[in-house]
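Presented below is the structure to which this report refers.
Rule-based calculations on the coordinates, nothing more; no lab input. Predicted, not measured: the structure shown is a model, and the values here were computed from it. FYI the Cβ positions are ideal-geometry reconstructions off the backbone, even for glycines, and counts take in every protein chain you see.
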Amino acid sequence: MLEARLEQAELLKKVVDAIKDLVQDCNFDCNDSGVALQAMDNSHVALVSMMLKSEAFSPFRCDRNIALGINLSSLTKVLRCAQNNDILTVKAEDAPDVVNLMFESSDSDRLSEYDIKLMDIDQEHLGIPETEYAATVTMPSPEFQRICRDLSALSESVSIECTKEGVKFACNGDIGSGAVTLRSHSDVENPDQNIKIDLTEPVALTFSLKYLSNFCKASGLAKSVNICLSNEVPLLVEYGLAANSYLRFYLAPKIGD
Amino acid sequence: SAQQSRLEGFFKPV
């Protein structure tokens, strides 16, 4: 059986909020290393990969592999019944029909319990190769969100160009064009504001801003975001979570012009 | 203009 207790329901609430507009029905794959999720959007352009390691829970118990097929809009309805600070316990039997979510108030005696019916989801699983990216940009997540929002007003696509000079987000649309260039920046007082560009070779790729803006819904989960690029491969946008856990988004590039 | 590619062109089903 599965029994996983999170100190704060907020983490799962935010993760589900960040991905529910991109993917609808997902398997939460549970085993002794934690809870993982991989799902593609309907158009097979973007992929969500989440890993909540067992260390993120206390306690965590999962005796065998269990796939919890859950509709995210149903899960959202139930998670709305939890306060951010509630302790959240997820329970399921070995061959479950339902998953049980229990919310306990940390400062009162309230205890709420909900069951969500599970679905059989036959999902294609993609193998994501270990990649040494040509460029990795680490920047404040709100800054990335702002750039995506601002450029979305002008165009559907953004080109991301990394050179030793910095990273340039540029777009071209009907009303005109725009570009935001960032250089490496280190702020000792405010390390959350740091911008780091690790570059082994220059990269230039074009992506849909609609998807990038969607990924930015995860901005509340981490102060900084890693944007990993190599020519001719999908972009990786990664939000690091506590206990070595993560929420990653992959986006297939736009090709040819 | 640029065409949107799909993930299967890069990641193989397992």
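One table, with the values for the structure above:
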{"read-out": "Candidates A:132, A:124, A:113, filtered to the one that is surrounded by fewer than 16 Cβ atoms within 10 Å (Cβ to Cβ), within 14 Å of another protein chain (Cβ to nearest Cβ) and either out of contact with any Gly (no Cβ under 9 Å at 6 or more places or on another chain) or assigned to a strand (DSSP E or B) (or both)", "value": "A:124"}
{"read-out": "Boolean, residue A:211 is within 14 Å of another protein chain (Cβ to nearest Cβ), closer than 28 Å to residue A:9 by Cβ, surrounded by 14 or more Cβ atoms within 10 Å (Cβ to Cβ) and of a type in the set (Ser, Thr, Tyr)", "value": "yes"}
{"read-out": "Test for residue A:204: is it within 14 Å of another protein chain (Cβ to nearest Cβ) and hydrophobic (A, V, I, L, M, F, W, C)", "value": "yes"}
{"read-out": "Residue list for the range A:34-65, filter: small (Gly, Ala, Ser) and touching a helix residue (DSSP H, G or I) at 6+ places or on another chain (Cβ under 8 Å)", "value": "A:34, A:39, A:46, A:56"}
{"read-out": "Filter result for the condition that a residue is crowded, with 21+ Cβ neighbours inside 10 Å and either small (Gly, Ala, Ser) or in contact with a Lys or Arg (Cβ under 8 Å, 6 or more places away or on another chain) (or both), over A:218, A:222", "value": "A:218"}
{"read-out": "Within the range A:136-229, strands (runs of 3 or more DSSP E) holding 1 or more residues that are farther than 27 Å from residue A:256 by Cα", "value": "A:196-199, A:224-229"}
{"read-out": "Qualifying residue in the range A:243-251 (condition: under 9 Å from the mean Cα position of the chain (by Cα), surrounded by fewer than 21 Cβ atoms within 10 Å (Cβ to Cβ) and more than 12 Å from every other protein chain (Cβ to nearest Cβ))", "value": "yes"}
{"read-out": "Number of the condition not met by residue A:74 [criteria: (1) part of a helix (DSSP H, G or I); (2) within 14 Å of chain B (Cβ to nearest Cβ)]", "value": "(2)"}
{"read-out": "Checklist (1) of a type outside the set (A, V, I, L, M); (2) at positive phi; (3) touching a Gly at 6+ places or on another chain (Cβ under 8 Å) applied to residue A:60, failing item", "value": "(2)"}
{"read-out": "Considering residues of the range A:147-171 that are within 14 Å of chain B (Cβ to nearest Cβ) and of a type in the set (A, V, I, L, M) only, the residue surrounded by the most Cβ atoms within 10 Å (Cβ to Cβ)", "value": "A:158"}
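A quick yes/no check of all residues on (1) under 30 Å from residue A:8 (Cα atoms); (2) hydroxyl-bearing (Ser, Thr, Tyr):
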position	(1), (2)
A:181	no, yes
A:189	yes, no
A:193	yes, no
A:202	no, no
A:228	yes, no
A:253	no, no
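For (1) within 19 Å of the chain's Cα centre (by Cα); (2) within 14 Å of another protein chain (Cβ to nearest Cβ); (3) not in a helix (DSSP H, G or I), each residue gets a yes or a no:
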residue: A:13; (1), (2), (3): yes, no, no
residue: A:26; (1), (2), (3): yes, no, yes
residue: A:39; (1), (2), (3): yes, yes, yes
residue: A:95; (1), (2), (3): no, no, yes
residue: A:103; (1), (2), (3): no, no, yes
